[in-house]
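> Sharing a structure, written as structure tokens. Questions coming.
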Amino acid sequence: MELTNKYIVIKHYIEDAPKESHFKVKSEALGLSLEPGSDDVIVKNLYISIDPYLINRMKSHSASHNAISFATPLIPGKAIDALVIGKVIASGNAKFEKDDVVLGVFTWAEYSVVKEQSIIKKLESSEFPLTYHLGVLGFSGLTAYGGFFEICRPQKGEKVFVSAASGSVGNIVGQYAKLLGCYVVGCAGSQKKVELLKEKLGFDEAFNYKEEIDLNAAVKRYFPDGIDIYFDNVGGKMLEAAVDNMKAFGRVSVCGVISEYTNAENKASPNMLNLVYKRITIRGFLAADFMNVFGDFTDKTLDYLRDGQLKVIEDRSLGVESIPSAFVGLFNGDNVGKKIVVLADD
Ligand SMILES: NC(=O)c1ccc[n+]([C@@H]2O[C@H](COP(=O)([O-])OP(=O)(O)OC[C@H]3O[C@@H](n4cnc5c(N)ncnc54)[C@H](OP(=O)(O)O)[C@@H]3O)[C@@H](O)[C@H]2O)c1
């Protein structure tokens, strides 16, 4: 049997802000019968995670390219790999059988052929929706957990600032911080997001950074006595403003610098004297650094979810053709919470 597989490619390298016109939908015939001896697994993709870091893989040059295997450059015209949840429709691999639900690094496509050595694991059924394994119980959740608890070593009562706070990672960081008993302020790019942070997610305060003329003054307004912890998702001017307002021995966890991904002129230049005299720590990390605490992360997050203490926000688009606009939207602030493209339900 043969079917047609639609998949998304970049037409060329993307050096600044992505546009839908930079992408193309391609199709190819996909045979479902595997060669004897093949270890391939053919997966029907159900849910695709849409993540900002891919923009750096779409550039011809990026400091990230040589850092870790999953940051290597993408090739124009070729399939784009990403975190996906899917259902096995044919398998030559003894570990997987038809109808298994799997999570792994597959492709921005309707179907993926998963080769031996690729990242793929079976997902057992649970009381929560499968999509949680891409967000709160997956990569975003682990990023939030590791970047906050492991890097910042927070204490109850400390003052925490989170940027891109309504996004996939940011909203979880803010909620973890509130559950620990911290004072939490988030910034986001619209009034609707500000309301969500305060009214649904329990942030103490939130502000729309796009409406602020002076970011330093805005941060000072919410932290007159200074910030203990800044969880940075955006870099650029917000990082500079946060550093100017840190307390002595403050910790900055650099998760990502999205404002710099699409515009090199936004590169942050924090006041280094503040680092010296206030003994501030600024530390970057990758979620992959925290596999050793994956069990603790899962246990704690499941407890919070079961008690209803942690709210889950997902932002869904439908169909493989919607992937380019879903991805471009990350850089325009279109998404609220974890961005997922749904291809089919399980
Ligand atoms: N270190 C790691 O292992 C790791 C893992 C996952 C993610 N990350 C990083 O964490 C950050 C958040 O990722 P995510 O998956 O949770 O994405 P996300 O926050 O769900 O989506 C991106 C959000 O960033 C904000 N944004 C976009 N352009 C911006 C700009 N120029 N200035 C300020 N804010 C901007 C937008 O919200 P607004 O409406 O608020 O502007 C947008 O909704 C990214 O920097 C990402 O690369 C790092």
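The values are calculated or read from the model by the stated rules, or taken from the named source; none is laboratory data. Because the structure is predicted, anything quoted here is derived from the model rather than measured. Counting neighbours? That spans all protein chains shown, and the Cβs are built from the backbone with ideal geometry, glycine included.
> Could you list all residues from region 261-312 that are within 16 Å of the ligand (Cβ to nearest atom), closer than 17 Å to TYR132 by Cα and of a type in the set (A, V, I, L, M, F, W, C)?
Answer for region 261-312, where residues must be within 16 Å of the ligand (Cβ to nearest atom), closer than 17 Å to TYR132 by Cα and of a type in the set (A, V, I, L, M, F, W, C): ALA287, PHE294, PHE297, LEU310, VAL312.
> Taking the stated definitions as given, is LEU83 within 20 Å of LYS339 (Cβ to Cβ) and either out of contact with any Ser or Thr (no Cβ under 6 Å at 6 or more places or on another chain) or loosely packed, with under 13 Cβ neighbours inside 10 Å (or both)? Show your work before the answer.
Numbers: within 20 Å of LYS339 (Cβ to Cβ): yes; either out of contact with any Ser or Thr (no Cβ under 6 Å at 6 or more places or on another chain) or loosely packed, with under 13 Cβ neighbours inside 10 Å (or both): no.
In short, no.
> Got a sec? Which strands (runs of 3 or more DSSP E) wholly within region 195-266 have at least 3 residues that are touching a residue at least 40 places away in the same chain (Cβ under 8 Å)?
227-232, 246-254
Residue by residue, here is whether (1) β-branched (Val, Ile, Thr); (2) touching a Gly at 6+ places or on another chain (Cβ under 7 Å); (3) crowded, with 19+ Cβ neighbours inside 10 Å; (4) not assigned by TED's automatic domain parsing to the domain that holds LYS338 holds:
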| site | (1), (2), (3), (4) |
| --- | --- |
| VAL102 | yes, yes, yes, no |
| LYS115 | no, no, no, no |
| LYS156 | no, yes, no, yes |
| ALA165 | no, yes, yes, yes |
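> Ok, one more. Is it the case that VAL184 is more than 9 Å from the ligand (Cβ to nearest atom), at negative phi, touching a residue at least 24 places away in the same chain (Cβ under 8 Å) and assigned to a helix (DSSP H, G or I)?
Details: more than 9 Å from the ligand (Cβ to nearest atom): yes; at negative phi: yes; touching a residue at least 24 places away in the same chain (Cβ under 8 Å): yes; assigned to a helix (DSSP H, G or I): no.
Spelling it out, it is not the case that VAL184 is more than 9 Å from the ligand (Cβ to nearest atom), at negative phi, touching a residue at least 24 places away in the same chain (Cβ under 8 Å) and assigned to a helix (DSSP H, G or I).
> Mind listing whichever residues of region 19-63 are in contact (Cβ under 8 Å) with a residue 24 or more places away in the chain, under 20 Å from GLU260 (Cα atoms) and out of contact with any helix residue (DSSP H, G or I) (no Cβ under 9 Å at 6 or more places or on another chain)?
SER60
> Buried (at least 16 other Cβ atoms within 10 Å of the Cβ) and of a type outside the set (A, V, I, L, M): is that true of PRO36 in this structure?
no
> Another question about this same structure. From the list ASP315, ASP299, which residue is charged (D, E, K, R) and crowded, with 18+ Cβ neighbours inside 10 Å?
From the options ASP315, ASP299, the qualifying one is ASP315.
> From the set of residues in region 180-205 that are under 20 Å from GLY250 (Cα atoms) and aliphatic (A, V, I, L, M), which is farthest from the chain's Cα centre (by Cα)?
LEU180
> Sticking with this structure for a sec: So which of ILE151, ILE172 ends up being buried (at least 21 other Cβ atoms within 10 Å of the Cβ), over 30 Å from ASP345 (Cα atoms) and not basic (Lys, Arg)?
Sole residue among the options that is buried (at least 21 other Cβ atoms within 10 Å of the Cβ), over 30 Å from ASP345 (Cα atoms) and not basic (Lys, Arg): ILE151.
> Here's something else I'd like to know. Please pick out the residue among GLY189, GLY202, GLY235 that is at pLDDT 95 or above, closer than 17 Å to ALA165 by Cα, in contact with a helix residue (DSSP H, G or I) (Cβ under 8 Å, 6 or more places away or on another chain) and more than 16 Å from the ligand (Cβ to nearest atom).
Testing whether each residue is at pLDDT 95 or above, closer than 17 Å to ALA165 by Cα, in contact with a helix residue (DSSP H, G or I) (Cβ under 8 Å, 6 or more places away or on another chain) and more than 16 Å from the ligand (Cβ to nearest atom) leaves just GLY202.
This table checks each residue for (1) touching a helix residue (DSSP H, G or I) at 6+ places or on another chain (Cβ under 7 Å); (2) surrounded by fewer than 16 Cβ atoms within 10 Å (Cβ to Cβ).
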{"residue": "GLU195", "(1), (2)": "no, yes"}
{"residue": "ALA206", "(1), (2)": "yes, no"}
{"residue": "LEU215", "(1), (2)": "yes, no"}
{"residue": "ILE227", "(1), (2)": "yes, no"}
{"residue": "TYR230", "(1), (2)": "yes, no"}
{"residue": "GLY250", "(1), (2)": "no, no"}
{"residue": "VAL254", "(1), (2)": "no, no"}
{"residue": "GLU260", "(1), (2)": "yes, no"}
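> Can I ask one more? Please return the ranges of strands (runs of 3 or more DSSP E) entirely within region 68-131 where 2 or more residues are touching a helix residue (DSSP H, G or I) at 6+ places or on another chain (Cβ under 7 Å), among the aliphatic types (A, V, I, L, M) and touching a residue at least 12 places away in the same chain (Cβ under 8 Å).
81-91, 101-107
> Still on this structure: Only residues that are within 14 Å of the ligand (Cβ to nearest atom), out of contact with any helix residue (DSSP H, G or I) (no Cβ under 7 Å at 6 or more places or on another chain) and in a strand (DSSP E or B): list them for region 313-343, please.
Across region 313-343, the qualifying residues are ASP315, ARG316.
> Among the residues that make up region 329-345, is at least one of them modelled with pLDDT under 95 and over 13 Å from the mean Cα position of the chain (by Cα)? Working first, answer last.
Residues of region 329-345 that are modelled with pLDDT under 95, as a first pass: 344-345.
Next cut, over 13 Å from the mean Cα position of the chain (by Cα) only: 344-345.
The answer is yes, given that some residue of region 329-345 is modelled with pLDDT under 95 and over 13 Å from the mean Cα position of the chain (by Cα).
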